[in-house]
Every structure is written in C-alpha cells, then in structure tokens.
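Written below as structure tokens is the structure these notes are about.
The values are calculated or read from the model by the stated rules, or taken from the named source; none is laboratory data. Keep in mind that this is a model prediction, so the values were computed, not measured. Glycine gets a Cβ as well: all are built from the backbone with ideal geometry, and neighbour counts include every protein chain shown.
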C-alpha cells in the first residue's frame with residue numbers, strides 16, 4: 001500500500017507542471033524576463049527621447065527669444081530749445097502739443113551732431129544719416145517727455161533713445177555687413193559709425209523693460225514693440241472667464257452629480273459635455289463670431305468677446321473636473337449628513353462641496369491656463385488685426401476697447417517680415433510659458449496642499 005501522505009525527501013525540490021524545478025529557470029521564464037527587460041528599456045528610451053525633445057524645445061525658445069529682453073540704446077544730451085518747442089514762452093501745454101514729431105526731429109539731429117563733435121568722431125555721414133541709426137520712435141518719445149515735463153524746456157536733458165532694429169540686430173549678431181548689402185534701412189558706413197559710438201560708450205545694449213510693459217508698434221519701428229498691453233488684454237479675458245465659467249461650471253456639475261435624475265435626458269447632456277471638451281477651439285471662435293459679434297453686435301477685438309468665447313471653450317473642462325471631484329467624496333459623508341437631519345442641499349453645500357473644493361480649484365486653474373494659451377478662437381473675432389498701442393484707462397475700457405492677447409500678439413509678430421518682430425515672437429513665447437507654468441504649478445501645489453485621502 002502506498003502512503004499518499006508521505007512527504008518528499010529532504011532536499012527534493014517541488015515539481016512544476018512542466019516537470020522542471022522551481023529553483024531552475026526554464027526557457028519560458030527566461031523569455032518572460034527578457035521581455036520584461038526589453039519593456040523597461042523601451043520605457044526608459046521613451047522617457048529619454050521625451051526629455052531630449054523638451055531640452056531641445058526649451059533651448060530653442062530661450063536661445064531665440066532671450067534677445068527680446070535686451071535692446072540697444074543710444075545716449076544723447078538733447079537741448080530742449082525754447083524757440084522750437086514753446087515759441088510764446090508761456091509754457092501753455094496746448095501750445096506745446098501743437099509741435100509735432102517733425103518739429104522734434106531737427107532737435108534730435110542736432111543732439112547727434114553735437115555728440116559726434118564732442119567725442120571727436122570723424123565720419124563721412126551727414127547729420128540725417130547719423131540720426132537714422134535711431135528708432136523712428138525717438139521723436140515721439142522726446143515729445144511725450146516734453147509734454148509731461150514742460151518745465152524742462154530750455155534745459156539740456158540726457159536721453160537714452162532706442163536704436164533702430166538693424167543696429168540692434170548688429171549688436172546681437174543678427175545683422176552683418178554682408179546681410180545688409182541690399183538693405184535700404186542701413187548702410188555699411190552707418191555700421192562703421194555705430195562701431196565708433198560703441199567704443200565711446202554712447203551705444204549700449206541693456207535690459208529692455210519696455211518689451212514687458214510696453215505696447216505693440218507698427219512695422220516701421222519693431223524695436224519699440226512690447227507685450228504689456230496684450231498682457232492686460234489677456235488679464236481682462238481671464239477675468240471674464242473666471243467670473244462666468246467658475247460659477248456656471250460648478251453649478252452645472254453639482255446639479256448633474258447630486259440632484260439630476262438618471263434618465264435619457266441627463267445621459268444626452270453628459271455625452272454632449274464630454275464631446276464639447278474635444279471640439280476644436282476654432283469652432284468656438286466661429287460660434288463667438290456668429291453670436292457675439294454678428295448677432296449681438298458686441299465690439300470686435302474686445303476682451304469681453306474673447307472672454308465669452310473662451311468661457312464656452314473652458315466650461316466643459318471645468319464641469320468634467322468638478323464632477324470628478326464631487327464623485328471622489330465618499331458616499332458616507334452624504335449619508336452621515338442626511339442621518340443627522342441635514343437636507344440634501346445642506347449635505348452638498350456644507351459637507352460635499354468644501355471637501356471637493358481643492359479638485360474644483362485645480363480644474364479651474366488648468367482650464368484658465370488652457371484658455372490663456374488659445375489663439376484660434378481669437379483669430380476669428382479680430383484680436384490679431386488690431387495693434388494695441390495704448391493701455392486701457394479703466395475697467396470698462398479694458399473690457400470693451402479693442403485690444404490683443406498674448407497668443408494673438410505672438411501670432412501677429414511671427415507673420416511680420418522684420419527679423420526684430422520674429423525675435424519678439426520668441427520672447428513673447430517665453431513670457432506666455434512663464435504664465436502657463438506658474439498657473440499649472442499653482443494647481444499642483446493647491447492640489448497637494450488641500451487634498452484629502454479617504
């Protein structure tokens with residue numbers, strides 16, 4: 001009789017189905033381990049490629065856009081002649097305003113000639129050719145200063161004028177004597193003159209704060225273009241999106257998640273919300289053009305219209321993220337509130353909503369960041385066809401006056417011919433990315449700070 005309860009002899013290895021020992025690697029196990037090793041290698045390679053592409057992208061953006069944050073200036077001592085700027089001598093601001101930029105051009109030219117004579121620079125250029133190394137914005141800059149400071153008339157004041165874009169490109173290595181062979185904006189003799197001024201310390205490249213705080217400029221003076229006004233346009237649009245999308249999105253999410261009956265109608269609504277989140281943004285631009293501009297006759301290029309369009313685009317994102325946050329709150333919280341006598345609305349607003357607030361806030365910030373970087377909807381409502389040259393002076397003006405936005409401004413600069421605008425487009429991308437990274441970082445911090453794990 002065989003004893004079925006007999007234990008295997010000591011040292012005998014248990015047998016597997018295929019007859020091999022557990023202590024020995026079979027061919028099948030070796031193939032499985034090799035496949036796992038290959039999969040890990042593929043994953044590491046994919047991460048490496050992604051990081052490499054990210055490094056290339058960041059390096060390209062910084063390398064091409066960093067120059068926009070520096071600008072070339074020419075320092076001159078300008079004599080604000082009273083017989084030119086205030087012939088009556090009464091310092092009447094209305095009389096001073098009558099002097100146009102054409103009246104300031106000879107004053108700047110005389111200041112340049114005086115500077116050359118003082119430095120002892122010898123040049124075959126005439127006074128006008130010397131002054132042409134300055135931006136065409138120089139006369140307007142001087143006029144604005146005189147209007148703001150009429151008491152300075154009759155004095156000699158030191159000014160740092162913007163150099164024209166070709167001179168700025170020359171100092172940044174973008175312009176060479178070979179590249180300007182057929183360029184009517186500057187000559188090799190003027191570049192020689194610039195070299196002399198550089199040696200004398202009159203021409204310098206410094207930080208360009210006006211690029212961050214200034215306004216857009218015409219094609220004739222790209223060196224004066226800035227992002228400041230378009231940043232205000234984006235700010236007003238984000239205020240409209242925040243004021244409309246957050247309450248509407250949260251209210252819709254609470255109703256659908258907590259109060260709406262489960263029937264075919266709510267199923268259709270939920271499916272359409274999910275579909276709207278995947279609709280191309282340019283479709284919302286067409287909708288905004290048809291409804292807000294053609295039908296409601298709201299002003300073209302206004303941040304209010306841009307904000308309304310971006311609100312429509314952001315609502316699905318906020319609704320989906322808010323519903324996910326509400327669903328993450330355990331049902332026991334609701335049951336406990338109802339068990340102590342709270343109404344359905346009290347359990348939602350006093351218990352569920354506060355616990356879901358971090359997720360709602362995170363989804364809202366991500367939705368705003370997505371809206372901040374959108375360009376396609378703004379193309380169709382005219383926010384790329386307007387040069388924002390003045391900052392709004394009130395909230396109403398900021399909402400209703402024509403303006404641009406950061407992504408639209410970048411698009412506008414990228415399609416202009418002058419290389420200085422192309423450089424500013426890259427610089428604008430840096431500013432936009434800083435905003436986007438900041439908003440997404442804030443969303444992550446808030447999520448980790450207030451998140452509760454059940």
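Against the definition (closer than 20 Å to residue 447 by Cα, in the same structural domain as residue 286 (by TED's automatic domain parsing), in a helix (DSSP H, G or I) and at pLDDT below 90), how does residue 314 come out, yes or no?
So residue 314 does not fit the description; no.
Find the residue count for segment 80-94, including only residues that are on the phi < 0 side of the Ramachandran plot and free of Cβ contacts under 8 Å to residues at least 12 places away in the same chain.
6
Among the residues of segment 320-359, which ones are part of a loop (DSSP other than H, G, I, E, B) and buried (at least 16 other Cβ atoms within 10 Å of the Cβ)?
Scanning segment 320-359 gives 329, 342.
Which condition from (1) part of a helix (DSSP H, G or I); (2) closer than 24 Å to residue 318 by Cα is the one that residue 374 breaks?
In the conditions (1) part of a helix (DSSP H, G or I); (2) closer than 24 Å to residue 318 by Cα, residue 374 misses (1) alone.
Does segment 130-141 include one or more residues that are assigned to a helix (DSSP H, G or I) and surrounded by fewer than 16 Cβ atoms within 10 Å (Cβ to Cβ)?
Checked segment 130-141: at least one residue is assigned to a helix (DSSP H, G or I) and surrounded by fewer than 16 Cβ atoms within 10 Å (Cβ to Cβ).
For segment 34-47, state whether one or more residues are under 45 Å from the mean Cα position of the chain (by Cα), outside any loop (DSSP other than H, G, I, E, B) and under 30 Å from residue 425 (Cα atoms).
Yes, because at least one residue in segment 34-47 is under 45 Å from the mean Cα position of the chain (by Cα), outside any loop (DSSP other than H, G, I, E, B) and under 30 Å from residue 425 (Cα atoms).
For residues that are part of a loop (DSSP other than H, G, I, E, B), surrounded by fewer than 17 Cβ atoms within 10 Å (Cβ to Cβ) and touching a helix residue (DSSP H, G or I) at 6+ places or on another chain (Cβ under 9 Å), scanning just segment 403-454, find the one that is modelled with the lowest pLDDT.
Here the answer is 454.
Please indicate, with yes or no, whether at least one residue in segment 156-163 is touching a strand residue (DSSP E or B) at 6+ places or on another chain (Cβ under 8 Å), farther than 27 Å from residue 69 by Cβ and in contact (Cβ under 8 Å) with a residue 12 or more places away in the chain.
yes
Spot the failing condition for residue 283; the list is (1) within 17 Å of residue 377 (Cβ to Cβ); (2) in contact (Cβ under 8 Å) with a residue 40 or more places away in the chain, and only one is missed.
For residue 283, the exception is condition (2).
Just a yes or no: is a residue in segment 267-285 under 27 Å from the mean Cα position of the chain (by Cα), surrounded by 21 or more Cβ atoms within 10 Å (Cβ to Cβ) and in the same structural domain as residue 356 (by TED's automatic domain parsing)?
Yes, segment 267-285 has at least one match.
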